[in-house]
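Encoded as structure tokens, the structure appears first; notes follow it.
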Amino acid sequence: MKNTPPSLRSLPRRQADVVTLTCVDQMLFDPTPLVRLFAEADPFAAEEVICRMLEDMALRLDDLQGAMARNAFDKMRRPARRIELVAHNIGLIELSAAAAHVAKAAAQDDGVALDATMARLERGFDMAVSEVWRFRDMT
């Protein structure tokens, strides 16, 4: 009989240790702030406010992407908090939460978490823009 060390023996095949996570693209959106804005202002003014808010978030997202590329995590908290606030003010709940998570990961200097939360924030922003304009078209 062959004397094989335990570490080299064939082990029974186990389930894979890799777990595949799926990203559910679901935008949590509270239309109440936009309903209020369109009720209080004329449609042109309301659209102008929304455009400025979305543009502000896009600029902050660009700042975040630049800081991420430079590993300047200390420069990421402020723009992430700004996106969180603006998104919350127009009812973009998921986007606001993602921005808060980016700020937290940046504060913790956690590059792995920043990669994940930045990807979530970027996807969320793309979906948010579509959701806001879809809402506008329905009103």
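Consider the stretch 114-139. How many of its residues are surrounded by 14 or more Cβ atoms within 10 Å (Cβ to Cβ) and among the polar types (S, T, N, Q)?
Qualifying residue count, the stretch 114-139: 1.
For the stretch 99-113, which positions are surrounded by 15 or more Cβ atoms within 10 Å (Cβ to Cβ) and modelled with pLDDT under 95?
The one that is surrounded by 15 or more Cβ atoms within 10 Å (Cβ to Cβ) and modelled with pLDDT under 95: Ala113.
Return the residues of the stretch 28-63 that are within 18 Å of Gly124 (Cβ to Cβ), part of a helix (DSSP H, G or I) and among the aliphatic types (A, V, I, L, M); say none if nothing qualifies.
Within the stretch 28-63, Leu34, Ile50, Met53, Leu54, Met57, Ala58, Leu59, Leu61 qualify.
I need the full set of residues from the stretch 78-100 which are without any contact (Cβ under 8 Å) to a residue 40 or more places away in the chain and of a type outside the set (A, V, I, L, M), in order please.
Arg78, Pro79, Arg81, Arg82, Glu84, His88, Ser96
Being at pLDDT 65 or above, under 19 Å from Ala116 (Cβ atoms) and surrounded by fewer than 18 Cβ atoms within 10 Å (Cβ to Cβ) narrows it down to one of Arg70, Arg36, Arg78, so name that one.
Result of the check over Arg70, Arg36, Arg78: Arg70.
Let me confirm something: among Ala87, Ala106, which residue is in a helix (DSSP H, G or I) and farther than 19 Å from Val49 by Cβ?
Sole residue among the options that is in a helix (DSSP H, G or I) and farther than 19 Å from Val49 by Cβ: Ala106.
Looking only at the stretch 128-139, count how many residues are touching a helix residue (DSSP H, G or I) at 6+ places or on another chain (Cβ under 8 Å) and assigned to a helix (DSSP H, G or I).
The total comes to 5.
I need every pair where a residue in the stretch 103-131 that is more than 14 Å from Ala58 (Cα to Cα) and aliphatic (A, V, I, L, M) has its Cβ under 6 Å from the Cβ of a residue that is surrounded by fewer than 20 Cβ atoms within 10 Å (Cβ to Cβ) and modelled with pLDDT under 95, sequence separation at least 6 or different chains.
Ala105/Ala113
The values are calculated or read from the model by the stated rules, or taken from the named source; none is laboratory data. Keep in mind that this is a model prediction, so the values were computed, not measured. Every residue, glycine as well, gets a Cβ built from its backbone with ideal geometry; the counts of neighbours run over all protein chains shown.
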